[in-house]
Amino acid sequence: MFIAIILLFVFPDRKESVVSISWDFFIEVMYILPAVMVMLGLFGVWVPKHLIVKYLGKTSGIKGIIFAIFLGTLPTGPLYIAFPIAAALIKKGAKISNIVIFISTWACIKLPQEIVEFQFLGFSFMLLRLTLTIIFVIIMGLLIEKIIIWDDRRTSKPETV
Amino acid sequence: MNVTVIIINLIAVIGLLIAFVKDRNKAIQSIKMAGKSFIKMIPMVLVIVVFIGLLLGFVPPSQLSKFIGEQSGIGGVLFVGVVGAVMHIPALISFPLAASLLEHGASVSAVAAFITTLTMIGISTLPLEIKELGKKVTLLRNGMSFVIAIMIALIMGAIL
């Protein structure tokens, strides 16, 4: 903020364009932000955490992956809320792949967020990024699970090292 | 104002109305939650708004595209990816930010890398993630997320 004031003081001729760019941007954000917040609030209250744990804890296979993605995309709050849920899932014996997929989709795909991405970056950008992200997140989840299992086996049998 | 803006606000209003009919207390609770996160986000919005104004007002598109445009190649994509991983901006605000960078000469790859690392990797939430999920899973997840973010970015740059 200070830098902004100093810069504008030193270069007063730029003031007009800086202010008008900032203002347009602000208005554009304000058109959608409250609505997105309301949606996040509604989901946050109506989809309780224990429900997520209940469903994701016992499903596996392709069904588990689809479930992990579905539950991850529900707009239920910031990432740091997802960590305790994931920890509860580990205790319940959920697969590591599903947990990683869940955390990652929670982090980067949120339904209202996708509307905002569509609004600002266009349909093809949003759809392509969404598709690629889901594909790569699934691969990553399965890979991390393999690595963890391999590592656990290695450390539990020290004679083979 | 365009159609998306109208639709998203309509959905929110209808959602709220249904919520009020179903359960008044829960509806009020969600509005409170919405208000709280909105207020929490406002300072960040203002910082980004001023940042964009300055960036676009002072840095000409040719300069910007030299660093994160098509000419910058994979170096620019990696650079923006790291910035996205370290920064802690709500994803919601990153989209308009990305759009204005795109308009002013940034490449599709750079913008995609920025959004993806920004959302998937959390340097600031690392300690919490390690505490809840363990070191191994956390480091693997964040490390691999960076790699796939760059891959996603490059594929998107090639297609779009």
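The values are calculated or read from the model by the stated rules, or taken from the named source; none is laboratory data. Nothing here was measured: the structure is a model prediction, and the numbers come from that model. For neighbour counting, all protein chains shown are included, and Cβ atoms are generated from backbone atoms with ideal geometry for every residue, glycine included. Calculation scope for accessible area: heavy atoms of the full protein, side chains included, ligands and nucleic acids excluded. Shrake-Rupley method; radii C 1.70, N 1.55, O 1.52, S 1.80 Å.
For segment B:127-141, residues that are modelled with pLDDT of 90 or more and surrounded by fewer than 19 Cβ atoms within 10 Å (Cβ to Cβ) total 4.
Would you point out the residue of segment A:113-128, among those that are under 18 Å from the mean Cα position of the chain (by Cα) and more than 7 Å from chain B (Cβ to nearest Cβ), that is nearest to A:Met39 (Cα to Cα)? My answer is A:Glu114. Can you confirm whether segment A:32-48 contains a residue that is more than 10 Å from chain B (Cβ to nearest Cβ) and either out of contact with any Gly (no Cβ under 8 Å at 6 or more places or on another chain) or crowded, with 20+ Cβ neighbours inside 10 Å (or both)? Yes, that holds for at least one residue. Evaluate segment B:132-141: report whether one residue or more is under 26 Å from A:Asp24 (Cα atoms) and either touching a Cys at 6+ places or on another chain (Cβ under 8 Å) or small (Gly, Ala, Ser) (or both). No: segment B:132-141 contains no residue that is under 26 Å from A:Asp24 (Cα atoms) and either touching a Cys at 6+ places or on another chain (Cβ under 8 Å) or small (Gly, Ala, Ser) (or both). Scanning segment B:75-95 for residues that are within 9 Å of chain A (Cβ to nearest Cβ) and either open to solvent by 10 Å² or more (accessible area, probe 1.4 Å) or without any contact (Cβ under 8 Å) to a residue 24 or more places away in the chain (or both) yields B:Pro90, B:Ala91, B:Leu92, B:Phe95. Being exposed (fewer than 15 other Cβ atoms within 10 Å of the Cβ), at pLDDT below 90 and β-branched (Val, Ile, Thr) is a description that does not apply to B:Ile14.
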